[in-house]
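Novice: Attaching a single structure in C-alpha cells format; questions to follow.
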Amino acid sequence: MKQSKNTNRYMPLMMAACVVVGILFGTFFANHFSSNRLNIINSGSSRLNNLLNIVNDQYVDAVNMDSLMERAIPQILADLDPHSVYISAKDVQTATDDLKGSFSGVGIEFVIREDTIHVQGVIKNGPAERAGLLAGDKIVSVDDKPFVGKEVTNEEAMHRLKGPKDTKVKIGVLRYGDSKVKQFTVTRGEIPTHSVTATYMLDDETGYIRIKSFGENTYPEMLIALAELSQQGFSNLVIDLRDNTGGYLMSAVQIVNEFLPKNKLIVYTEGRKSPRQDYRSDGRGSYQKIPLVVLINEASASASEIFAGAIQDNDRGTVIGRRSFGKGLVQKQLDFPDGSMIRLTIARYYSPSGRCIQKPYTPGESTYEEDLLVRYQHGEFFSQDSIKHTGPAYHTGIGRTVYGGGGITPDIFVPEDTTNITSYYKQASMSGLILQFAFQYTDENRAKLSTFREMPKLSDYLVKQNTVDKFATYADKKGLQRRNLMIQKSHTLLERYINSRIIYNIMDEDSWIQYLNQDDPVIIKALNVFRNHAAFPKKEEPAEKDEKKQKVAQSRGIPFVDNSLNQRFNQVARA
C-alpha cells in the first residue's frame, strides 16, 4: 500500500515530464520536416517553391538552381501548348532581332562551311564594308583569338560578332588567293533588317512583293514597295507569303488595311482572360480596288495566315499555293528580372468568317512538330484531294466555303512538282554539297561574276558555263558518285538550285527571288489568274447568272472567269 501511495504521489511529476519530452520531440520533427509537410498541404506555386527549397537545402549534392529552372520552365510550358516557350537571357537578343528593324553588329551575312565562317555578303555601307571586309573572306580569328573548328556555331559566331553600338571587334580573315591572315578592326553599328525582301514587276502590269516576316518595320517597308511599283505603273499585285512564319499581328493588320474598304473585319482574338478584340479596316487604304493574289505554302504561319484569311474571308483576292501551317494562337511576351522571358499563349485568333486556323494538338506530345512530315507522306503536297479538314465549314461574304481547324486552304491549289527528282538530286541538295560548290565557284570566279549588274544577264552566263557538269565533277571528288542518267533527268532542278545560289552569293536576295520566280508554277498560275480576269470584260453577252457573279467578285477584287474558262469561279466556291 505504501508503494501505491508513493506512485500516486509522483504521478503528476511523471506526466509533466512526458509532456515536456513530447513538446521537445514535436518541435524537432516540425522544424526538420516542415518543408515536406508544406509540400503536401499546399498546392500550385507554393508547392513548386517548396520543392525547390527542399532540393536546395537537403539534396545530397550541390545543385545549380538557375540551371535547374532553365530546364524545368520549358517543360512546364510544353505541357500547355506548342507555342508557349521560354527564352533564356542569353538567347533573347537572337530571338527578337529578326522582328526588330535593326540590330547592332558588324554587318555581314555568313555561312559555316568546314568549321569556318565564310562571309557570304557584306551589308552595303555597313561597318564591315567600311572596314574593308569582302564577300568570300574566311573569318579565322576574333579579338586575336582563333575561331575555327568545332566551337564555330551560328550562336557562338553571333555572340562574338554582335555587340553594343560603337564597340570594336578585331576580325582576322583569310582572303581567297592570299596565304597570310589580314586583320580588320570593325566598329559595330546599327544594321537594318528588312522583312520585305523583293519588289519588282513580274510583267508590264503585275507587281510582286515578297514579305519574309512581319516585324516592326514591315508596314513602312510595304508602303515604300507599293510606291516603287506605282511608279512603274502596276495594275495587279502578287503578295508572296510563302515560308513567312509570321511575327507581329499588328503589322499584318496594318497591311491588310491597305486593301480593304471601311469597317471590314480583319481578325479577332479571344481567350479565357482576354476579352474578344476586333481589328477592323478604317477605309483609309490606298489599294482597295487593285486585283490581288496572295501566295502561301505549308510554311506560311501565324501573321501570314491572318493576312491570307482576311483577304480570303472578305472575298478581296485569290489565295494560291498549298495549305498553310495552322498556327492560330496568340502569344504575349512576359519579361523576367534576369533578362529571360516567356512567350505565353493568351488567346486564339479567328478569321473574319469565325474560323480558328489553329491545327489540332495534344499538349506535351511531339506529334505537332511532325505534322508537316505526315502531311507530306499522305500526299497533301501533291494532290488537293488529300487535304484532310478537321474543323467545321464556314462561309465568306459571298458564300464560298472555307474551313477551320488547320491552316488556310488556298482557293487555287498548286502541287509540288517532284517529276524530275532523283536520289542523286536529293543527296546533292540535302548533303549541302550544292551550297558548298556554289560558294567555292563564286569565290573562284568573283571578279568575272561581279561584272554583271542584272540578274538575267548573269543567269544566261551561268547557263553557258554548264555549272551542272562542274558540280558533278566537284561532288564526285567529295564522295557523291556521278550518276549521268540521274543527272540528265534532274538537270533542270540541279541547274536551278546551283545557279540560284551563285546569284544569291554575288548579288542579293531580291535577285535570287527574281531568278527562282522565272519558272515557278505558282507565279505562273497567279499571272494566268490576272490575264483571265482582264480578258473577261471583253465578252459581249455573258450569261445573266455569270454576270451577277462577275459583278460581286470584281467589286471585291476577286478575279473571275466564266464557265468557258475552266469554271474557275465554281472551283473556288467548292474549295
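Novice: Residue by residue through the stretch 384-404, note down the ones that are open to solvent by less than 40 Å² (accessible area, probe 1.4 Å), part of a loop (DSSP other than H, G, I, E, B) and touching a strand residue (DSSP E or B) at 6+ places or on another chain (Cβ under 7 Å).
Specialist: Across the stretch 384-404, the qualifying residues are Gly391, Thr396, Gly404.
Novice: Would you point out the residue of the stretch 505-551, among those that are at pLDDT 50 or above and in a loop (DSSP other than H, G, I, E, B), that is surrounded by the fewest Cβ atoms within 10 Å (Cβ to Cβ)?
Specialist: My answer is Asp519.
Novice: Here's a follow-up. Thr409: among the β-branched types (Val, Ile, Thr) and free of Cβ contacts under 8 Å to residues at least 40 places away in the same chain, yes or no? If you could, list the steps in order and put the result at the bottom.
Specialist: Working: among the β-branched types (Val, Ile, Thr): yes; free of Cβ contacts under 8 Å to residues at least 40 places away in the same chain: no.
Here the answer is no, as Thr409 does not meet what is asked.
Novice: Let me ask you something else. State whether one or more residues within the stretch 348-359 are without any contact (Cβ under 8 Å) to a residue 40 or more places away in the chain, farther than 30 Å from Arg113 by Cβ and not in a loop (DSSP other than H, G, I, E, B).
Specialist: Checked against the condition, which is being without any contact (Cβ under 8 Å) to a residue 40 or more places away in the chain, farther than 30 Å from Arg113 by Cβ and not in a loop (DSSP other than H, G, I, E, B), the stretch 348-359 yields no hits at all.
Novice: Please count how many residues of the stretch 232-252 are open to solvent by less than 40 Å² (accessible area, probe 1.4 Å), touching a helix residue (DSSP H, G or I) at 6+ places or on another chain (Cβ under 7 Å) and farther than 16 Å from Gly407 by Cβ.
Specialist: 5
Novice: Those residues that are of a type outside the set (A, V, I, L, M) and out of contact with any helix residue (DSSP H, G or I) (no Cβ under 9 Å at 6 or more places or on another chain), I need them from the stretch 50-63; list them, please.
Specialist: Scanning the stretch 50-63 gives Tyr59, Asp61.
Novice: Looking at the structure I just gave you, is Arg446 touching a residue at least 40 places away in the same chain (Cβ under 8 Å), in contact with a Gly (Cβ under 9 Å, 6 or more places away or on another chain) and under 21 Å from His118 (Cα atoms)?
Specialist: Considered against the rule, which asks whether it is touching a residue at least 40 places away in the same chain (Cβ under 8 Å), in contact with a Gly (Cβ under 9 Å, 6 or more places away or on another chain) and under 21 Å from His118 (Cα atoms), Arg446 comes out as yes.
Novice: So, in the stretch 464-480, exactly how many residues are assigned to a helix (DSSP H, G or I) and open to solvent by less than 70 Å² (accessible area, probe 1.4 Å)? Walk me through it before giving the result.
Specialist: Here is the first cut: in the stretch 464-480, the ones assigned to a helix (DSSP H, G or I) are 464, 467-477.
Pick out the ones that are also open to solvent by less than 70 Å² (accessible area, probe 1.4 Å) and you get 467-469, 471-475.
Within the stretch 464-480, residues that are assigned to a helix (DSSP H, G or I) and open to solvent by less than 70 Å² (accessible area, probe 1.4 Å) number 8.
Novice: Quick check on my filter: what residues within the stretch 216-241 are in contact with a Ser or Thr (Cβ under 8 Å, 6 or more places away or on another chain), under 19 Å from Asp203 (Cβ atoms) and part of a helix (DSSP H, G or I)?
Specialist: Once the filter is applied, which keeps residues that are in contact with a Ser or Thr (Cβ under 8 Å, 6 or more places away or on another chain), under 19 Å from Asp203 (Cβ atoms) and part of a helix (DSSP H, G or I), the stretch 216-241 yields Ala225, Leu226, Glu228, Leu229.
Novice: I would also like to ask the following. Which residues, taken from the stretch 112-127, are among the β-branched types (Val, Ile, Thr) and either buried (at least 20 other Cβ atoms within 10 Å of the Cβ) or touching a helix residue (DSSP H, G or I) at 6+ places or on another chain (Cβ under 9 Å) (or both)?
Specialist: Within the stretch 112-127, Ile112, Ile117, Val119, Val122, Ile123 meet the criteria.
Novice: Identify all residues within the stretch 179-219 that are more than 20 Å from the chain's Cα centre (by Cα), free of Cβ contacts under 8 Å to residues at least 60 places away in the same chain and either surrounded by 21 or more Cβ atoms within 10 Å (Cβ to Cβ) or closer than 30 Å to Ala131 by Cα (or both); write none if there are none.
Specialist: Residues satisfying the conditions are Ser179, Lys180, Val181, Lys182, Gln183, Phe184, Thr185, Gly207.
Novice: Name the helices (runs of 4 or more DSSP H) wholly within the stretch 62-167 that hold at least 1 residues that are at pLDDT 85 or above and not acidic (Asp, Glu)?
Specialist: Numbers: elements: 65-78, 92-97, 127-131, 154-161.
Correct list: 65-78, 127-131, 154-161.
Novice: Tally time: how many residues in the stretch 132-141 are aliphatic (A, V, I, L, M) and surrounded by fewer than 19 Cβ atoms within 10 Å (Cβ to Cβ)?
Specialist: Counting residues in the stretch 132-141 that are aliphatic (A, V, I, L, M) and surrounded by fewer than 19 Cβ atoms within 10 Å (Cβ to Cβ) gives 2.
Novice: Give all pairs with beta carbons closer than 6 Å in which a residue from the stretch 99-116 that is polar (S, T, N, Q) meets a residue that is surrounded by fewer than 16 Cβ atoms within 10 Å (Cβ to Cβ) and modelled with pLDDT under 85; count only pairs at least 6 apart in sequence or on separate chains.
Specialist: Hits for this filter: Ser102/Pro192.
Novice: Which ones in the stretch 148-178 are touching an Asp or Glu at 6+ places or on another chain (Cβ under 8 Å) and open to solvent by less than 30 Å² (accessible area, probe 1.4 Å)?
Specialist: Those that are touching an Asp or Glu at 6+ places or on another chain (Cβ under 8 Å) and open to solvent by less than 30 Å² (accessible area, probe 1.4 Å): Gly149, Val152, Val169, Gly172, Val173.
Novice: State which residue pairs qualify: first residue over 22 Å from Ile506 (Cα atoms) and open to solvent by 10 Å² or more (accessible area, probe 1.4 Å) and inside the stretch 422-439, second residue modelled with pLDDT of 90 or more and aliphatic (A, V, I, L, M) in any location, beta carbons under 6 Å apart, and separation of 6 or more residues or different chains.
Specialist: Going by the 6 Å Cβ cut-off, the qualifying pairs are Thr422/Met486; Tyr425/Leu493; Gln427/Leu480.
Novice: Under the condition of being crowded, with 16+ Cβ neighbours inside 10 Å and not in a loop (DSSP other than H, G, I, E, B), which residue from the stretch 447-460 is farthest from the chain's Cα centre (by Cα)?
Specialist: Here the residue is Leu449.
Novice: Among the strands (runs of 3 or more DSSP E) lying completely within the stretch 254-337, list those that include at least 1 residues that are open to solvent by 10 Å² or more (accessible area, probe 1.4 Å) and β-branched (Val, Ile, Thr).
Specialist: Once the strands (runs of 3 or more DSSP E) in the stretch 254-337 are filtered for at least 1 residues that are open to solvent by 10 Å² or more (accessible area, probe 1.4 Å) and β-branched (Val, Ile, Thr), what remains is 265-270, 329-335.
Novice: What are the pairs, 6+ residues apart or on separate chains, where a residue within the stretch 286-303 that is in contact (Cβ under 8 Å) with a residue 24 or more places away in the chain has its Cβ under 6 Å from a residue that is open to solvent by 10 Å² or more (accessible area, probe 1.4 Å) and in a strand (DSSP E or B)?
Specialist: Filtered contacts from the stretch 286-303: Pro291/Asn236; Ala303/Gly247.
Novice: Condition first: among the polar types (S, T, N, Q) and within 17 Å of Gln331 (Cα to Cα). Now tell me which residues in the stretch 257-282 satisfy that.
Specialist: If the condition is that a residue be among the polar types (S, T, N, Q) and within 17 Å of Gln331 (Cα to Cα), then Thr269, Ser274, Gln277 are the ones that fit.
The values are calculated or read from the model by the stated rules, or taken from the named source; none is laboratory data. Because the structure is predicted, anything quoted here is derived from the model rather than measured. Every residue, glycine as well, gets a Cβ built from its backbone with ideal geometry; the counts of neighbours run over all protein chains shown. Just so you know, the surface numbers come from the protein's heavy atoms only, side chains and all, with ligands and any DNA or RNA stripped out. Shrake-Rupley method; radii C 1.70, N 1.55, O 1.52, S 1.80 Å.
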